[in-house]
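Working notes for the structure below.
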Amino acid sequence: MVLLTFNIINPDWAFKNIGGLRNQDLLEITIQNTKAVLRSLESKEIRATFFIEISLIPQLDTLIKKIIDEGHEISFYHIDSSLEEIERIKKNTEELIEKQIRGIRMKENAFDLNEILHLRFTYVSLIEETSFAFPFKRFERKAPIIEKNGLSILHESISRYSQIPYNDFIFQIMPLSYYEKMVVETIKKDDFVLFYLNSWQFTDFDKDKFEISFFKKYNSGQKLQDKLEAFLTWINEAELAHSRMKDFAF
């Protein structure tokens, strides 16, 4: 099983804006990048989960409706929001889409699990610290999915043999043929692979100026878009099962 997920995050959260782009410009970059991902998914008839940074959600009604109308799932991405803000935005978003928001992606220990359960989330996708300069850092092996306090808790997937995590930069940097072998090996071991990319990785950094390290810029933009489409084609040709998070973690 391949769990395809995408984090919708403004690029100014990760990089210094040296191009003088306004907030509306930054938001438009995020929207256009997300629409590019949606086109790729639609062309391959694959459904995914989109984790949206919580503070962005009130500005993205039209995009959120488009994601839902195309059969994908909306979940939350927590950076620095309060529980009160999460509760308020969750209620408003559920009224907008007429569906329950089931998942939240956050760093481990960001909130007590009982607080997450109280907000009627059914699964938590935990992310590792990725501020290090070298993206191939090996993580301590953890159970890929556990049930605790009524929640499904999913850790980042890790390659069975190399112990390389399936974080956003690994897909961007690693040759696709090797990455595909990793996916097959990990599915055999864990039954699933949790895949994710960030919306800002599809930014044209030659056009939209940010202060960004070389390895994060490498193979970004259109190159990453082409690589994603090739990966989605491979998933279909290899007849690998794929799922939205809410259909897998319950």
Within region 91-112, take every residue that is at pLDDT 90 or above and hydrophobic (A, V, I, L, M, F, W, C) and give me the one that is farthest from I52 (Cα to Cα). F111
Name the helices (runs of 4 or more DSSP H) wholly within region 138-250 that hold at least 3 residues that are loosely packed, with under 15 Cβ neighbours inside 10 Å and out of contact with any helix residue (DSSP H, G or I) (no Cβ under 8 Å at 6 or more places or on another chain)? 176-190, 222-237
Could you tell me whether A110 is small (G, A, S) and either surrounded by 21 or more Cβ atoms within 10 Å (Cβ to Cβ) or within 30 Å of E237 (Cα to Cα) (or both)? no
Can you give me the number of residues within region 123-134 that are under 23 Å from F6 (Cβ atoms), modelled with pLDDT under 90 and either surrounded by fewer than 18 Cβ atoms within 10 Å (Cβ to Cβ) or among the polar types (S, T, N, Q) (or both)? 5
Can you go through L83, L26, L4, L21 and tell me which one is modelled with pLDDT of 95 or more, hydrophobic (A, V, I, L, M, F, W, C) and out of contact with any strand residue (DSSP E or B) (no Cβ under 6 Å at 6 or more places or on another chain)? L83
Given (1) at pLDDT below 90; (2) within 27 Å of E108 (Cα to Cα), where does F210 come up short, assuming only one miss? (2)
Residues being touching a Phe, Trp or Tyr at 6+ places or on another chain (Cβ under 8 Å) and more than 23 Å from L194 (Cβ to Cβ): count how many of those fall in region 47-88. 1
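The values are calculated or read from the model by the stated rules, or taken from the named source; none is laboratory data. Owing to the predicted nature of the structure, the values given are computational and were not obtained by experimental measurement. Every residue, glycine as well, gets a Cβ built from its backbone with ideal geometry; the counts of neighbours run over all protein chains shown.
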